[in-house]
Ligand SMILES: *Cc1c(COP(=O)(O)O)cnc(C)c1O
């Protein structure tokens, strides 16, 4: 089976992890801050807060921005459920903005219209979570301008997009947002097994996220409400969680990070090769905007269903039976039973639903060989003929 994504683990990765296992600290040691600093330096952000998943990073990002009951968070329906769930963890409500049918990212024109409408009703969101789908950055400049006009905060869910750039600057520098979140799950660009990181340039947001990562406990006398009893003293000043990353994971992340540029370059080469191999087929290949460079987490094709006799489901079944591990990203979040129970229904976001009915993610990962890619193209040719 050729999977749709997979990690690469080298001897250097294994050695780094084994070193930590023989060291004094398996967690809360030096590897975590080293990893945070290395990612912050790579993406041009002031602070990085490492956690055990991007899901946790999204949660503490919302908490740091003081999202709570009665507040609204907006996001795109074409994303992993975590981009919306973070609002629900905070007791806030979720709404969605339909996608741009060309890029599959949030539609900035639809966003502007919805904001204008929401302002009249007094129902503006407190936070907008934008998702750089497949690794291609959203229209960040326009989103940033809208956040200034309407006063909402922006979180970039860059789970797909470490190594991507927007206007020649790395995604993660938070020039257009308050916080940017990365995922280090094994199918993503670089991995720590499980893991995530929240980037920000704001020292107060960084400090609040650190607090929520670890029980709401601080050892910083400056944050305490009264004088420490002694050197053992810590104070819980808010309600946090244990979302910490281990040093084992951070050490793996550090060695993985040294290969980030090579991974993104290889992913791009595979994408370019797909573009040219598929151009005679009844499929829409991914459009790339001029002002961004994708990290190519996913290569999504859209079937031109009016030009073929088979359904998307049948095409996926045929490919999987041929050993090609295609997948679908994503089921529109608002159609999930949990979100239906909150009042959403099929038909609410027609562009997202149309995209979903046609989309297939082809295998794409840094160690994929040309021969494996040829096998994918060959199987797709057969499945569509
Ligand atoms: C993978 C992913 C997440 C969640 O990442 P975890 O590290 O698995 O928690 C969130 N958002 C998007 C868009 C993702 O692809």
Principal axes of the stretch 123-213: Cα extent on each, largest first, Å: 39, 32, 25
Helix 11-21: inclination vs the chain longest Cα principal axis, degrees, rounded to 10, gives 30
Output the relative contact order of the stretch 260-384, whole-number percent, from Cα pairs under 8 angstrom with separation of 6+ residues. 34
Mean Cβ-within-10 Å packing, highest first, puts peptides 22-28, 193-199, 92-98, 156-162 in the order 156-162, 193-199, 92-98, 22-28
To one decimal place, what orientation-averaged projected area in nm² is obtained for the convex hull of the Cα set of the stretch 111-163? 3.7
log₁₀ of I(q)/I(0) at q = 0.18 Å⁻¹ - the stretch 75-162, Debye sum with one point per alpha carbon: -0.75
Relative to the chain, whose Cα atoms define the longest principal axis, helix 31-43 and its Cα axis are tilted in degrees, nearest 10, by 60
Which percent, nearest 5, of DSSP beta bridges in the chain are antiparallel? 60
Per residue convex hull volume, Cα atoms of the stretch 260-384, in Å³: 141
Could you tell me how many degrees, from 0 to 90 and to the nearest 10, lie between the Cα long axis of helix 247-257 and the main elongation axis, the longest principal axis, of the Cα atoms of the chain? 50
Relative contact order (%) - the chain, alpha-carbon pairs under 8 angstrom, separation at least six: 23
Calculated from DSSP H runs of 4 or more alone, at -39500 (n - 2.57) each and per residue, what is the 222 nm mean residue ellipticity of the chain, nearest 500? -11500 deg cm²/dmol
Pairs of Cα atoms under 8 Å, at least six residues apart: use those to get the relative contact order of the stretch 320-368, whole percent. 48
Could you list 128, 281 in order of exposure, starting from the residue whose Cβ has the fewest other Cβ atoms within 10 Å? 281, 128
How big is the stretch 236-295 by the Kirkwood estimate over distinct Cα pairs, in Å? 15.5
Mind listing the Cα extents of the chain along all three principal axes, in Å, largest one first? 76, 58, 38
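Laboratory data are not the source of any read-out in this text; all were calculated from the coordinates shown. Note that the coordinates shown come from a computational prediction; the quantities given were computed from them, not determined experimentally. With ideal geometry, Cβ positions are generated from the backbone for all residues, glycine too; neighbour counts draw on all protein chains shown.
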